[in-house]
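Encoded as structure tokens, the structure appears first; notes follow it.
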Amino acid sequence: QVQFVESGGGLVQPGGSLRLSCAASGIMFNNYAMGWYRQAPGKQREFVAIVGSGGSANYADSVKGRFTISRDNAKNTVYLQMNNLAPEDTALYYCHALGIAYWGQGTQVPVSS
């Protein structure tokens, strides 16, 4: 059974940082590119960042230079380090394995003073 468990979200002030984690199970983690996506209130889900099985990463323009995606294949976990957060980063953040038709519950990140 495929499962993605996101954690690490929470209320943060503008300019603050958070580190999200996503523990994956039920898949051959090493074989999949892993991504982070987010959905803000009233908006569609959007791409944030993705990391290939070998560690190469790509980012949405809106987060380049502020967010860093990484993975630990030994722990079946993907991370998203988010720095200099802004109110427009407020969203429900999900991790996803490219090619797998499953989404977890996500973790909330409200950015507000």
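Using a 1.4 angstrom probe with every protein chain in place, what is the largest-first accessible-area order of 11, 20?
From most accessible down to least: 11, 20.
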Two-decimal log10 I(q)/I(0) for the chain, as the Debye equation yields it once each C-alpha is a single scatterer, q = 0.15 Å⁻¹: -0.57
Residue 100 accessible area, nearest 10 Å², 1.4 Å probe? 30
Restricting attention to the alpha-carbon atoms of the stretch 1-42, what are Rg (one decimal) and Dmax (integer), both in Å? 13.3, 38
Each residue of the stretch 45-50 in turn: what ³J(HN,Hα) in whole Hz from Karplus with 6.51, -1.76, 1.60 and θ = phi - 60°, glycine and Pro shown as x? 5, 10, 6, 10, 6, 9
Relative contact order of the chain: what whole-number percent is it, with Cα pairs under 8 angstrom and at least 6 residues apart? 37
Candidate residues 38, 19, 66: accessible-area rank, largest first, probe 1.4 Å: 19, 66, 38
Output ³J(HN,Hα) for the stretch 97-111: one whole-Hz value per residue in order, computed from phi by the Karplus curve 6.51 cos²θ - 1.76 cosθ + 1.60 with θ = phi - 60°, and x for Gly and Pro. 9, 4, x, 9, 8, 8, 10, x, 7, x, 9, 7, 10, x, 10
If you average the C-alpha positions of the stretch 1-65 and of the stretch 87-113 separately, how far apart do those two centres end up, in angstrom? 7
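The values are calculated or read from the model by the stated rules, or taken from the named source; none is laboratory data. Values in this document were obtained by computation on a predicted structure and should not be read as measured data. The area values use the complete protein model at the heavy-atom level, side chains included, leaving out ligands, DNA and RNA. Shrake-Rupley method; radii C 1.70, N 1.55, O 1.52, S 1.80 Å.
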